[in-house]
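I am attaching a structure below and will ask some questions about it afterwards.
The values are calculated or read from the model by the stated rules, or taken from the named source; none is laboratory data. Just so it is clear, the structure is predicted and the values come from calculations on it, not from any experiment. Note that each Cβ is placed from the backbone with ideal geometry, even for glycine, and that neighbours are counted across all protein chains shown.
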Amino acid sequence: MNRSIFTFILLLSAFACGQNNDNKNKQPSVNNTADSIFRPLSQVEIKKYSTAIEQYYDKKLVATGFNGSFLVAKNGEILYEDYKGFSNFATKQPVDEHSAFHLASISKTFTAMTILKLWEEGRLNLDDSIQKYFPKLPYHGITIKMLLDHRSGLPNYLYFMDSIWNKKIKATNWDVVNFMIEHQPKADAAPDRVYHYCNTNFLLLALIVENVTNQSFPKYMKDSVFTPLGLKDTYIFSAADTLHYVPTYSVTRPFPMDHLDCTYGDKNVYSTARDLFTWDKVLYENLFTRKSTTEMAFEPYSFEKRTKHNYGLGWHLFFNNGDTIVYHNGKWHGSNTVFTRLVQDTAVIIVLGNKLNRNIYQAKEMQSIFTGRLDTSKLEE
């Protein structure tokens, strides 16, 4: 038997027996005012879950040099959280609950739900052509919805901007659009023919938000999304913030800023584990968009291949014998991030690392703590 699987089965056995270990750093948080959509957990459940989670965390993350924030919750209650290492290795600033990390592609979940909120308000149409917002863009037949579900066929700017762009200049979203107009990099597919994950889609969606709201994307997101929802430590990083850039790391070597570090929509939301926990509850409680809109975002839209994996509107989806996972992971420089929502168990797994550690992407294994079944299927990184 695979050694890692055997180890994990032992952890599950410990959970089933209800082993009691003291939480070394944080006691489980019992939210007595949890919303009625969640069934309150008993103290016995909380202790069992938190013990199993801590054992997984120690063996799979702490033992492999994890540096970052870790939080697991169920039914609106934090079961276990911990913070390890430094948010800035140069200053030795320790990671704590207010340390905002680059979420990388988890950022797409905020961009997508904001677009859907504007659609609810009648300020845009999901069937709008992108030419309505970018008249000179030489890619036709593409709608806002195709940007959201990655069916536009557009080329990925992370690749074509590496060709002849002056890498001494930090590109903005409009720099990318103007590059596409001038150089017309070849599309990867015809519109709506195939699912093709592409960061360009969400870069354009951020500019559509700016067009519709007449505000910069960072300002609109702060004033109309993050602050009203109580996401106190969440913000958008842009070219205006370069003097305050906090690097991510490979071991202890920082990744310097590069020419694509100032584009947003597809990445560059900085946030904390606590704020993502709040975001998870907002989605369950439909506090930002209507229930029907949230459900629409979590519908699968690509069926070219028979697989457990699919994509909604800004969300990765995984379907396995009745267990549904709505999630997004992220990867950029030294950022490895996980936001895994276990729908049937109303649980969420949040792991934010700022130092390269591929073990972070195995966090889905903790689903077994709630289901009692080991599932070795991998999620999209």
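Only one residue in Asp280, Asp241 is charged (D, E, K, R) and closer than 24 Å to Ile208 by Cβ. Which one?
Working: Asp280 fails: closer than 24 Å to Ile208 by Cβ.
Unique residue meeting the criteria: Asp241.
Of the residues that make up segment 237-245, is at least one of a type in the set (S, T, N, Q), surrounded by 15 or more Cβ atoms within 10 Å (Cβ to Cβ) and part of a loop (DSSP other than H, G, I, E, B)? Explain how you work it out, then say what you get.
Here is the first cut: in segment 237-245, the ones of a type in the set (S, T, N, Q) are 238, 242.
Right, trim to surrounded by 15 or more Cβ atoms within 10 Å (Cβ to Cβ) and you get 238.
Subsequent filtering for residues that are part of a loop (DSSP other than H, G, I, E, B) retains 238.
Yes, segment 237-245 contains at least one residue that is of a type in the set (S, T, N, Q), surrounded by 15 or more Cβ atoms within 10 Å (Cβ to Cβ) and part of a loop (DSSP other than H, G, I, E, B).
Sticking with this structure for a sec: Sort out which residues of segment 304-340 are at positive phi and buried (at least 19 other Cβ atoms within 10 Å of the Cβ), and write them in order of number.
Answer for segment 304-340, where residues must be at positive phi and buried (at least 19 other Cβ atoms within 10 Å of the Cβ): Gly314, His333.
Note down all Cβ pairs under 6 Å where the first residue falls in segment 246-274 and is within 19 Å of Ile360 (Cα to Cα) and in contact (Cβ under 8 Å) with a residue 24 or more places away in the chain, the second is surrounded by fewer than 20 Cβ atoms within 10 Å (Cβ to Cβ) and charged (D, E, K, R), and they're at least six residues apart or on different chains.
Listed by first residue and then by second, the contacts come to Thr272/Asp233; Arg274/Glu97.
Name the residue, out of Ile349, Ile360, that is within 17 Å of the chain's Cα centre (by Cα), surrounded by 21 or more Cβ atoms within 10 Å (Cβ to Cβ) and within 29 Å of Glu120 (Cβ to Cβ).
On the way: Ile360 fails: within 29 Å of Glu120 (Cβ to Cβ).
Step by step, each of Ile349, Ile360 is checked, and only Ile349 is within 17 Å of the chain's Cα centre (by Cα), surrounded by 21 or more Cβ atoms within 10 Å (Cβ to Cβ) and within 29 Å of Glu120 (Cβ to Cβ).
Moving on. Quick one: would you say Met296 is in contact (Cβ under 8 Å) with a residue 12 or more places away in the chain and touching a strand residue (DSSP E or B) at 6+ places or on another chain (Cβ under 9 Å)? Lay out the reasoning, then the answer.
On the way: in contact (Cβ under 8 Å) with a residue 12 or more places away in the chain: yes; touching a strand residue (DSSP E or B) at 6+ places or on another chain (Cβ under 9 Å): no.
For Met296, the condition - in contact (Cβ under 8 Å) with a residue 12 or more places away in the chain and touching a strand residue (DSSP E or B) at 6+ places or on another chain (Cβ under 9 Å) - is not met.
Name the one entry in His98, His102 that is surrounded by fewer than 15 Cβ atoms within 10 Å (Cβ to Cβ), in contact (Cβ under 8 Å) with a residue 40 or more places away in the chain and within 30 Å of Met366 (Cα to Cα).
Numbers: His102 fails: surrounded by fewer than 15 Cβ atoms within 10 Å (Cβ to Cβ).
Of the residues listed, the single one that is surrounded by fewer than 15 Cβ atoms within 10 Å (Cβ to Cβ), in contact (Cβ under 8 Å) with a residue 40 or more places away in the chain and within 30 Å of Met366 (Cα to Cα) is His98.
Within segment 88-108, can you find the residues that are assigned to a strand (DSSP E or B), under 19 Å from the mean Cα position of the chain (by Cα) and not hydrophobic (A, V, I, L, M, F, W, C)?
Initial filter on segment 88-108 (assigned to a strand (DSSP E or B)): 88, 93-94, 101-102.
Still in the list and also under 19 Å from the mean Cα position of the chain (by Cα): 101-102.
Within segment 88-108, just His102 meets the criteria.
Report the residue count in segment 204-235 for those that are touching a strand residue (DSSP E or B) at 6+ places or on another chain (Cβ under 6 Å) and either outside any helix (DSSP H, G or I) or at positive phi (or both).
Result for segment 204-235: 2.
Looking at Asp275, Asp261, Asp280, which is the one that is outside any strand (DSSP E or B) and either under 28 Å from Phe160 (Cβ atoms) or of a type in the set (Val, Ile, Thr) (or both)?
Details: Asp275 fails: either under 28 Å from Phe160 (Cβ atoms) or of a type in the set (Val, Ile, Thr) (or both); Asp280 fails: either under 28 Å from Phe160 (Cβ atoms) or of a type in the set (Val, Ile, Thr) (or both).
Going through Asp275, Asp261, Asp280 in turn, just one is outside any strand (DSSP E or B) and either under 28 Å from Phe160 (Cβ atoms) or of a type in the set (Val, Ile, Thr) (or both): Asp261.
Starting from residues that are of a type outside the set (D, E, K, R) and part of a helix (DSSP H, G or I), keep the ones in segment 364-380 and report whichever is surrounded by the most Cβ atoms within 10 Å (Cβ to Cβ). Give the derivation first.
Narrowing segment 364-380 to residues of a type outside the set (D, E, K, R): 366-372, 374, 376-377, 379.
The next check asks that each one be part of a helix (DSSP H, G or I); those that pass are 366-371.
Numbers: Met366: 24, Gln367: 23, Ser368: 19, Ile369: 27, Phe370: 21, Thr371: 18.
Only one residue fits best here, namely Ile369.
OK, next. Kindly indicate whether Lys186 is out of contact with any Lys or Arg (no Cβ under 8 Å at 6 or more places or on another chain) and either in a helix (DSSP H, G or I) or not assigned by TED's automatic domain parsing to the domain that holds Asp128 (or both).
On the way: out of contact with any Lys or Arg (no Cβ under 8 Å at 6 or more places or on another chain): yes; either in a helix (DSSP H, G or I) or not assigned by TED's automatic domain parsing to the domain that holds Asp128 (or both): no.
In short, no.
When you scan segment 122-139, do you find a residue that is assigned by TED's automatic domain parsing to the domain that holds Lys222, under 20 Å from Ser224 (Cβ atoms), assigned to a helix (DSSP H, G or I) and not charged (D, E, K, R), even just one?
No, segment 122-139 contains no residue that is assigned by TED's automatic domain parsing to the domain that holds Lys222, under 20 Å from Ser224 (Cβ atoms), assigned to a helix (DSSP H, G or I) and not charged (D, E, K, R).
Does at least one position in segment 214-222 carry a residue that is at pLDDT 95 or above and closer than 21 Å to Lys331 by Cα?
Initially, segment 214-222 is screened for residues at pLDDT 95 or above, giving 214-222.
When the remaining residues are screened for being closer than 21 Å to Lys331 by Cα, the result is 218.
Scanning segment 214-222 turns up at least one residue that is at pLDDT 95 or above and closer than 21 Å to Lys331 by Cα.
Picking from Glu365, Glu304, Glu381, which residue would you name as being among the acidic types (Asp, Glu) and within 16 Å of the chain's Cα centre (by Cα)?
Working: Glu365 fails: within 16 Å of the chain's Cα centre (by Cα); Glu304 fails: within 16 Å of the chain's Cα centre (by Cα).
The match here is Glu381.
I've got another one for you. I'd like the full set of residues that are modelled with pLDDT of 95 or more and in a loop (DSSP other than H, G, I, E, B), limited to segment 143-164.
Filtering segment 143-164 for residues modelled with pLDDT of 95 or more gives 143-161.
Matches in segment 143-164: Asp149, His150, Arg151, Ser152, Gly153, Leu154, Pro155, Asn156, Met161.
Determine whether Leu276 is at pLDDT 95 or above, surrounded by 22 or more Cβ atoms within 10 Å (Cβ to Cβ) and under 17 Å from the mean Cα position of the chain (by Cα).
Working: at pLDDT 95 or above: yes; surrounded by 22 or more Cβ atoms within 10 Å (Cβ to Cβ): yes; under 17 Å from the mean Cα position of the chain (by Cα): yes.
Yes: the conditions hold for Leu276.
Taking the options Ala112, Ala73, name whichever one is of a type in the set (Gly, Ala, Ser), within 21 Å of His316 (Cα to Cα), in contact with a Leu (Cβ under 7 Å, 6 or more places away or on another chain) and not in a helix (DSSP H, G or I). Quick ask: steps written out before the conclusion?
On the way: Ala112 fails: not in a helix (DSSP H, G or I).
It is Ala73.
Assuming Met221 fulfils every condition listed in (1) closer than 18 Å to Gly153 by Cα; (2) surrounded by 22 or more Cβ atoms within 10 Å (Cβ to Cβ); (3) touching a helix residue (DSSP H, G or I) at 6+ places or on another chain (Cβ under 8 Å) apart from one, which condition is it?
(1)
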